[in-house]
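Trainee: Below is the structure I would like to discuss, written out as structure tokens.
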Amino acid sequence: MDKKGVSLVLGTAVISGVSIFLNKFGVKGFDPAIFTTSKNILVALFLISTLLIMNDWKTLRSLSGKVWVQLATIGLIGGSIPFLLFFTGLKMTTAAQAGFLHKTLFIWVTILAAVTLKEKISKNMMIGGVLLLLGNLFLLKITGWTFSTGDFLIILATLLWSAEITLSKYVFTSIKDLPGRVVAFGRMGFGSLFLLLYLAATEKITLYSTFSGTQWLWITFTGALLYGYVFTFYEGLKEVKASVAAAILLLGTVITTLLNLLWTQSIGFHQLAGGLFLIAGALTFVGVRLPLPQRARQ
């Protein structure tokens, strides 16, 4: 297991946990499509600056047309359509059900990676997967379920994100020395273009003229967090299995729960049990062996 890759994706999980906590405050007063598009555009600009600083333009010029099509596809199925599906579905279902369905991402990535990338599914991964699902059930306190159109849209979004992660890993395996930030740029750059076309087609793009200074500050702050998310995730994904990266991301839920605890100063059995299940599940899924005390010699 590549320690650098695991560390980078762990960093992604931390950023994800903080971002989810803060976005619930920042998204107030925004149209979800506008909020998402604005952050994505800002991240794309950050990534362009990063590519300039890292002198990656030679790498971009050397990419074949096939790779550019793959990067555009990553932007379409990862950086645009699923966001629209997810936020539309979120309005039509409960937050708990949407959260649980989205957290099944690691299952679909594991299956897709096994089929297309020949990543092996071990016993540890199956046990860890069960623990991860239990952790989310406890954290989200799901006691009943009424399937709706919104749930279907959330599933579609999750499947598209799963396909995007798998395709990104395929690109990395095809081009060994391709920097992760280049694939991140494909996701956010092309994704932003597709989202802008959507805003123009729905005439929502005119809403930008109504933004206040506070709203622009929220976009800048949350956009900076999103930049950290995609930069660390794709640099980490290059080094580890797609299934492992997707499983580690679930630890972000633990971070969000801890921040909610500090904010509300209350924690119940469900949150505690859910967090422990998630940590145990992620460690088991990744294959980390905890040190056990050895028996004393007679």
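Trainee: Give me the one-decimal nm value for the distance between modelled label points at Val130 and Arg61, 7 Å along each residue's Cα-to-Cβ direction.
Mentor: 5.6
Trainee: Distance cut-off 24 Å, Cα to Cα: go down the list Lys3/Lys123; Lys91/Lys238; Lys141/Lys241; Lys4/Lys176; Lys141/Lys238; Lys120/Lys141 and report the pairs above it.
Mentor: On the way: Lys3/Lys123 21 Å; Lys91/Lys238 34 Å; Lys141/Lys241 30 Å; Lys4/Lys176 16 Å; Lys141/Lys238 34 Å; Lys120/Lys141 32 Å.
Violating the 24 Å Cα-Cα cut-off are Lys91/Lys238; Lys141/Lys241; Lys141/Lys238; Lys120/Lys141.
Trainee: Something else about it: Using the Karplus curve 6.51 cos²θ - 1.76 cosθ + 1.60 with θ = phi - 60°, what ³J(HN,Hα) values do you get for each residue of region 154-161, in whole Hz, with x for Gly and Pro?
Mentor: 5, 4, 4, 4, 5, 5, 5, 4
Trainee: Further, regarding this structure: Would you calculate a helix-derived [θ] at 222 nm for the chain, using -39,500 (n - 2.57) for each DSSP H run of n ≥ 4 and dividing by the full residue count, to the nearest 500? List each step's numbers first, then the result.
Mentor: Working: 15 runs with 221 residues, N = 298.
The helix-only estimate for the chain comes to -24000 deg cm²/dmol at 222 nm.
Trainee: Residue by residue, what Karplus-based ³J(HN,Hα) values in Hz, rounded to whole numbers, does region 82-92 have, using 6.51, -1.76 and 1.60 with θ = phi - 60° and x for Gly and Pro?
Mentor: Karplus-based 3J(HN,Hα) across region 82-92 equals x, 5, 5, 5, 5, 6, 5, x, 5, 6, 10 Hz.
Trainee: Also, quick follow-up: Normalised by the number of residues in region 38-156, what is the relative contact order in percent for Cα pairs under 8 Å and 6+ residues apart? Mind showing how you got there, number by number?
Mentor: On the way: 57 pairs, mean separation 47.1, N = 119.
The normalised contact order for region 38-156 reaches 40 percent.
Trainee: Near Leu8, within a Cβ-to-Cβ distance under 13 Å, what is the net charge of the other residues, with Lys and Arg +1 and Asp and Glu -1? Mind showing how you got there, number by number?
Mentor: Values: positive: Lys3, Lys4, Arg181, Lys238; negative: Asp2, Glu235, Glu239.
Charge balance near Leu8 sits at +1.
Trainee: Roughly how far apart, in whole Å, are the Cα centres of region 166-238 and region 33-47?
Mentor: Rounded to whole Å, the Cα centres lie 6 Å apart.
Trainee: What's the local net charge at Leu63, with K and R +1, D and E -1, over the other residues with C-beta under 14 Å away? Each step should come with its number before you reach the end.
Mentor: Working: positive: Lys58, Arg61, Lys66, Lys176, Arg181; negative: Asp56, Asp177.
The answer is +3.
Trainee: Tell me whether region 1-81 comes out rounded, prolate or oblate; compute the Cα gyration tensor, take square roots of the eigenvalues as a ≥ b ≥ c, and use a/c under 1.5 as the rounded threshold. All intermediate terms of the calculation are to be shown ahead of the outcome.
Mentor: Working: a/c = 1.98, a/b = 1.34, b/c = 1.48.
In terms of gyration-tensor shape, oblate.
Trainee: Select one label from (1) 30, 26, 18; (2) 37, 22, 16; (3) 66, 17, 14: the one whose number is semi-axes √(5λ) of the Cα gyration tensor in Å as derived from the coordinates shown.
Mentor: So the calculated entry is the one marked (1).
Trainee: Okay, next question. Taking K and R as +1 and D and E as -1, what net charge do the other residues with C-beta under 13 Å from the C-beta of Gly191 add up to? List each step's numbers first, then the result.
Mentor: Numbers: positive: Lys39, Arg187; negative: Glu164.
Net charge in that neighbourhood comes out at +1.
Trainee: Okay, moving on. Going highest first, how would you order 115-126, 90-101, 230-241, 4-15 by mean Cβ packing within 10 Å? Let's see the in-between values first.
Mentor: Numbers: 115-126: 13.4, 90-101: 17.7, 230-241: 23.9, 4-15: 19.9.
My ranking of the peptides, most packed first, is 230-241, 4-15, 90-101, 115-126.
Trainee: Give me a comma-separated list of calculated 3J(HN,Hα) values for region 180-193, in order, Karplus coefficients 6.51, -1.76, 1.60 applied at θ = phi - 60°, integers in Hz, x for any Gly or Pro.
Mentor: Rounded to whole hertz, the list is x, 5, 5, 5, 4, 5, x, 5, 7, x, 5, x, 5, 4.
No value in this document is a laboratory result; all are computed from the given coordinates. Predicted model, so just to flag it, every value in this text is computed and none were measured. All Cβ positions, even for glycine, are placed from backbone atoms using ideal geometry, and neighbour counts span all protein chains on display.
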